[in-house]
1. GluC sites (Glu not before Pro) within the stretch 172-278: which are DSSP loop residues with at most 10 other Cβ atoms inside 10 Å?
2. Work the Kirkwood hydrodynamic radius out for the stretch 9-370: mean of 1/r over every pair of different alpha-carbon atoms, inverted, in Å.
3. Listed here are the pairs Lys30/Lys308; Lys267/Lys308; Lys308/Lys367; Lys111/Lys304; Lys164/Lys203; Lys111/Lys134; which of them are more than 20 Å apart at the Cα?
4. Contour minus end-to-end for Glu13 and Arg261, with contour as 0.36 nm per residue of separation and end-to-end as the Cα-Cα distance?
5. Exposure proxy check: Ser24, Ser301 ranked by fewest other beta carbons within 10 Å?
6. May I ask for the net charge around His236, where only other residues with Cβ less than 13 Å from the Cβ of His236 are counted and Lys, Arg are +1 while Asp, Glu are -1?
7. In degrees between 0 and 90, to the nearest 10, how far off the longest principal axis of the chain does helix 36-54 point, with axes built from Cα atoms?
8. Angle, helix 201-213 long axis vs. longest principal axis of the chain, Cα atoms, 0 to 90°, nearest 10?
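Where a number appears in this text, it was derived from the coordinates with a stated rule and is not lab data. Predicted, not measured: the structure shown is a model, and the values here were computed from it. When we count neighbours, we look across all protein chains shown, and the Cβ atoms used for this are built from the backbone with ideal geometry, even at glycine.
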Amino acid sequence: MFERVDIDHQIEEILEKATKTRISRDEAVKLMKTTGTEFHALIITADTLRHDIVGDRVTYIPNWNINFTNLCTGTCGFCAFRKDEDEKGAYFLNIDQVVRRAKNAWNNGAKEVCIQGGLHPDVDAYFYQELLQKLRAELPDIYIHAFSPMEILYGAEQADISIKDELKMLKEAGLDSIPGNAAEILNDDIRRVLCPTKMNTAKWIEIVETAHRTGIPTTCTMMYGHIEEPEHRVEHMDILRGIQERTGGFTEFVPLTFMHRLTPIYKEGISRAGSTGLEDLKVYAVARLMFGDLLRNIQVSWVKLGFKFAQVCLTAGANDLGGTLGEENISKSAGAEHGVRTTPENFQRIIRNMGRVPAERDTLYKKITPV
């Protein structure tokens, strides 16, 4: 593939292998550490594999985020969103307020509503159930993507029911799928520093696999650029790869570059100041080569990357621009500066500028319509 380019022979062999079969963790780590010509070869290979797997369509979804509360009992060092009850800016939307916002989103063209919130002391699985039931009664056709694995665990514990029973109950109430947040980095040494009161790796795996077996698909994410090393990023993606092999329940992978500026862990001098641009590109490229056809859709987070660099990341193996959003408070509270809402027309402009084909999708990538 690279006869005209002088690159390290070992890297060339790994890249050639990645186009045909599964690469190992060690091989993926070597790719994560490439620089110079080898880095460029990695990006080209990932983009070529992206084309082979999903073609030249770049997808997006008209959706709306509703973060129903920032009150939270958690103590995650990477989070600048959470508030205590007596803090300025603390809020808790009641169920009727959430439903009104969802109706407004639907009336403005959203196909999907994504609902997440902090771990509020008064919230449990039955709160989630009532919220879903009222949403479904008012908006029978909207797609409800809601409640991270941490919220699922918290809701079950608060209600004193099993995770399996909670998930069945929420599915019957109208839940369509779950955002795969709360993963951060799936390594318990990292998690003890990053989010000491959050679930461990095994519990996150248990919850998403239980959701998949219950017929509830999820996304999967990775937050990187804080205290982890390239080896941890690869370990994380390999865990996701194993889950997907067992369940097939992930719809997309969403790398989330760490928004550092206003977070406790950065202010205390524990974390780095986020990832660099080349690190971002390597994460997308290595993800494409690790997942291959097993997990076809890799999403760029324009809220975190900005539109210009999100466009660049779409040349490194990614194929989806995510959602139009509407209200995005979590990244903004940590210092993201790229806005909280966009339009399908803006996505289309960015995609066509690349010579690729904009396509509107549903949450599960089952209905994809070029525009």
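1. Glu268
2. Computed over Cα pairs of the stretch 9-370, the Kirkwood hydrodynamic radius comes out at 20.6 Å.
3. Over 20 Å Cα-Cα: Lys30/Lys308; Lys267/Lys308; Lys308/Lys367; Lys111/Lys304.
4. Extending this stretch completely gives an extra 85.4 nm.
5. Fewest to most other Cβ atoms nearby, the residues stand as Ser24, Ser301.
6. Within the 13 Å Cβ shell, the charges total -4.
7. 60 degrees
8. 80 degrees
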